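Structure record follows, encoded as structure tokens.
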Amino acid sequence: ELLDRLVRIRMAAAALLGWPTGGAFPKVAAVLADGSGGIAVRAVSVPSWHPTLALTGSVCLAAASRIAGTIPWLAAQAGGADGAASVHTPGGRWPVSVTAPVHAGVPHLAEVSIGRRRVTSYGAIRIQMPARLQLEEVVAGWPLSA
């Protein structure tokens, strides 16, 4: 039932963005706290569950865990962390680390590391919610405990 719902959400998002509804983008996943400071995620592939996340998905999820108000941030907070400590999928669990110093009250992404891999930004990237995303409407209908 959850897979079917997420596939419909992915297709609706693709249509809204003007992308092919049968393609692999946009990426959609169920995200929640895993109970140990990490984030549990189950990603949708086309047309089934994906067993894990690609490195780029892990980086994006870890970075989003430091953006106040996002679902990954809410999941990390529910797990007692300031940001994701690990990403957990059916394919495995790996540590993540995000460095996001706050400048003028806004976090700026400086570094993300996933397991033994490391990604470094060579310039400040302001991280914030996209202006056109209405997260309040999404979060209000999706309790993290579900």
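The values are calculated or read from the model by the stated rules, or taken from the named source; none is laboratory data. Computed from a predicted model, the values in this text were never measured in an experiment. All Cβ positions, even for glycine, are placed from backbone atoms using ideal geometry, and neighbour counts span all protein chains on display. Areas reflect the complete protein model, heavy atoms only, side chains present, ligands, DNA and RNA absent. Shrake-Rupley method; radii C 1.70, N 1.55, O 1.52, S 1.80 Å.
So the values come out like this:
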item: Identity of the residue in the stretch 79-107, outside any loop (DSSP other than H, G, I, E, B) and modelled with pLDDT under 80, that ends up nearest to LEU32 (Cα to Cα); result: PRO107
item: Single unsatisfied condition, GLY23 versus (1) under 27 Å from SER97 (Cβ atoms); (2) open to solvent by less than 70 Å² (accessible area, probe 1.4 Å); (3) not hydrophobic (A, V, I, L, M, F, W, C); result: (1)
item: Any hit, the stretch 56-67, residues being on the phi < 0 side of the Ramachandran plot, out of contact with any Leu (no Cβ under 8 Å at 6 or more places or on another chain), in a loop (DSSP other than H, G, I, E, B) and free of Cβ contacts under 8 Å to residues at least 24 places away in the same chain; result: no
item: Answer from ALA33, ALA43, ALA15 - the residue that is open to solvent by 20 Å² or more (accessible area, probe 1.4 Å), of a type in the set (Gly, Ala, Ser), touching a Gly at 6+ places or on another chain (Cβ under 7 Å) and modelled with pLDDT of 85 or more; result: ALA33
item: Subset of the stretch 4-44 (residues that are assigned to a helix (DSSP H, G or I) and more than 17 Å from the chain's Cα centre (by Cα)); result: ASP4, ARG5, ARG8, MET11, ALA12, ALA14, ALA15, LEU16, LEU17
